[in-house]
Amino acid sequence: MGRGLSKDINFFMSEAIKEARKALEKNEVPVGAVIVKNGEIISRGYNLRETKKDILCHAEIVAIRKAYRKLGDWRFYGCTIYVTLEPCIMCFGAILQARFDKLIYGASNHEEGFSRFICNIENYKKWQKLEIVAGIMKEESEEIIRRFFTNLRSSP
């Protein structure tokens, strides 16, 4: 794509943030995700749990479902998933099972993020070759979440 690595990371995370804004517009917890293979976005997703009345409709799962339909395979070798919020344990499990090469996320999820539930992430890295990069566009990702919960608390 002609950009340096950090520009690619920021570009794709910006695209995930656009997805999170779609969730915000639907009054969903604003989490967005994009899946990238060979420098191209192959799928997008945002949180739709309330809209679909389906606990599995997290941004990551929505994007994964779209991607495997496009790829024709459940193995996502060579793919990176960008997520605005640290994935929950369910989504992290799906990311591991799908064989992603890399997980990149923005804001930490101190209440429900996978890192809270895994005692030693280094053990996972020994058997699972998932590279994890945290804190990319963290402030932007945190701001959209903060805005949602501020609005939620101020609603009658």
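Things to note:
- The one condition in (1) within 13 Å of the chain's Cα centre (by Cα); (2) open to solvent by 10 Å² or more (accessible area, probe 1.4 Å); (3) more than 16 Å from ILE95 (Cβ to Cβ) that HIS58 fails to fulfil: (3)
- Residue count, segment 64-103 (criterion: open to solvent by 40 Å² or more (accessible area, probe 1.4 Å) and closer than 15 Å to PHE12 by Cα): 1
- Looking only at residues in segment 11-44 that are among the aliphatic types (A, V, I, L, M) and over 23 Å from GLY78 (Cβ atoms), the one that is nearest to the chain's Cα centre (by Cα) is VAL31.
- Counting residues in segment 132-147 that are open to solvent by less than 30 Å² (accessible area, probe 1.4 Å) and at pLDDT below 90 gives zero.
The values are calculated or read from the model by the stated rules, or taken from the named source; none is laboratory data. Note that this is a predicted model, so its numbers are computed, not measured. Methodologically, a virtual Cβ is constructed for each residue, glycine included, from the backbone with ideal geometry; neighbour enumeration extends over all protein chains shown. Accessible surface areas use protein heavy atoms only, side chains included; no ligands, DNA or RNA. Shrake-Rupley method; radii C 1.70, N 1.55, O 1.52, S 1.80 Å.
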